[in-house]
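What follows is one structure encoded as structure tokens, with my remarks underneath.
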Amino acid sequence: MDHKVTLTIDGRTATVKPDATILQAAQQVGVYLPTLCADDNLQPFGACRLCLVEVEGDRRPMLPSCSTPVADGMVVRTSSPLIDKVRRNTVELLLSDHPEDCLTCPQNNRCELQKVAAYVGVRQMRFRGEKRSYAIDNSNPFFVRDLGHCILCGKCVRVCDEIQGRDAIHYAYRGFATKIAAVMDRPLADSNCELCGQCVAACPVGALYPKTSLQYGLPTGETKTICPYCGVGCGLILETRDNRIIGVRGDYDNPVNRGRTCVKGRFGYEFVNHPERLTKPLIRKEGAFVASDWDEALHLVATKIAEIKKEKGGDAIAILASAKCPNEENFLIQKLARQALGTNNVDHCARL
């Protein structure tokens, strides 16, 4: 039996694995702790200092719950006059140089900073600091980078390094001038960024957002599916509204990709609702393509192939397999070609 650790959080008993953090234990028993940098899929970072807690008997006044491991018998308080004051001051300082455009921001109602500010009770701006001003990076066709909204939580840097393995962006400069930048502070389109969009999915504010966010509002539904672009079988979560896909993110529960996406899987979905998309097979009749059904189309193809083989032999037939099929299906395609059709003319297009 696996060893478990039992602790108390705000009077609630939590039983967790010994390698869990206080934040994870709190989430397990339904205790909310505000955080802007923590992510279950990333290593603890402790940048935002909002998930502070008090641990009974610890000489330190407060501890970051996201990076503090649990201990047997630990008694944790997630709220106190001191904790509430520190959290409120932290959020106020974050907002002191943050744009005041919540209603028009593409991440409105999806912004974690907005949620945390409401939770800690920030109702007015006490601090008025210098505002950072950056040109919006609109260099790539898929998403926008607006560093004026960045809170330097580091989630984009960490997801690029720890999950995607690209390490295309990092912290640059120092002090108030600190920002997230690509190598030589180039636009993302001119860097080694793969434009996979993992940073976009991780960003808790409006510093990174898909360009489709400027066209559509919030999604009304989500559907888990498999990416159609290759045979790997990556899991995706489709964000939908009015029977239209308006966003895609990786499925961390899928054992194949564990949340990872490529640029095609995340952003190449507009063909689904494209007005020129073919939704029925077309058959040429009297020089024009006519919509048909699959039974008629497959019967026609089978008949034509049989006629060609009978008249000219199997070598007159070639089979082109697809990179969108898994290996098992491509194996069956070549078996069909060699054994049923009698041809070795088998090719494969992997140029997706």
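What follows is calculated from the coordinates using simple rules that are stated; it is not laboratory data. Remember, it's a predicted structure, so these values are computed and weren't measured experimentally. All Cβ positions, even for glycine, are placed from backbone atoms using ideal geometry, and neighbour counts span all protein chains on display.
Numbers at a glance
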| item | result |
| --- | --- |
| The chain - charge dipole about Cα centre, Lys and Arg +1 at Cβ, Asp and Glu -1, debye rounded to 20 | 400 |
| Neighbour net charge for Gln24 - beta-carbon separation under 11 angstrom, K R +1, D E -1 | -1 |
| Normalised contact order of the chain, rounded percent, pairs of Cα under 8 Å and 6 or more residues apart | 10 |
| Built amide H within the under 5 Å cut-off of Phe143, gap 5+ | Lys211 |
| Most positive-pole-ward Cα, Cys66, Tyr171, Gly265, against dipole of the chain from beta carbon charges | Tyr171 |
| Cα-based shape type of the range 313-352, given that a ≥ b ≥ c are square roots of the gyration tensor eigenvalues and the cut on a/c is 1.5 | oblate |
| Dipole of the chain, positive end: most advanced residue of Gly231, Gly30, Gly314 [Cβ charges, Cα centre] | Gly30 |
| Extension gain (nm, one decimal) between Lys335 and Phe176, 0.36 nm per residue minus Cα-Cα | 50.9 nm |
| Counting DSSP beta bridges with both ends in the chain, the antiparallel % (nearest 5) | 85 |
| For the chain: rounded, prolate or oblate by the Cα gyration tensor [a/c cutoff 1.5] | prolate |
| Residue (of Met125, Gly154, Leu195) at the positive-pole extreme of the chain, dipole from beta-carbon charges | Met125 |
| Where the Cα pairs of the range 5-79 fall when distances are cut into 5 Å bins, in % | 3, 19, 31, 27, 16, 3, 0 |
| Relative compactness, the range 96-180, computed as alpha-carbon Rg over 2.2 N^0.38 Å | 1.21 |
| Unsatisfied cross-links (Cα-Cα over 19 Å) in the set Lys224/Lys280; Lys131/Lys179; Lys17/Lys155; Lys85/Lys155; Lys285/Lys312 | Lys224/Lys280; Lys17/Lys155; Lys85/Lys155; Lys285/Lys312 |
| Highest-first arrangement of 85-91, 278-284, 155-161, where packing means the average Cβ count within 10 Å | 155-161, 85-91, 278-284 |
| Test item: Cα-centred dipole of the range 119-185, Lys/Arg +1 and Asp/Glu -1 on Cβ, debye | 440 |
| Sites Asp19 and Asp242 - FRET efficiency at Förster radius 45 Å, r taken between beta-carbons, to 0.05 | 0.55 |
| Burial order of peptide ranges 198-211, 23-36, 71-84, 136-149 (average beta-carbon count within 10 Å, highest first) | 198-211, 23-36, 136-149, 71-84 |
| Cβ charges +1 (Lys, Arg) and -1 (Asp, Glu), total dipole of the range 5-79, debye | 140 |
| Full-extension gain in nm, Arg128 to Asp40, via 0.36 nm per residue minus C-alpha separation | 28.3 nm |
| Point-to-point label distance, Met184-Val290, nm (Cα→Cβ direction, 7 Å offset) | 6.0 |
| The range 246-352 - share of DSSP beta bridges that are antiparallel (%, nearest 5) | 50 |
| Reach of Lys211 by Cα under 17 Å, taken over lysines that are not fewer than 8 positions away in the same chain | Lys264 |
| Sparsely packed GluC sites (Glu not before Pro) within the range 254-352, loop by DSSP, other Cβ within 10 Å at most 10 | Glu276, Glu286 |
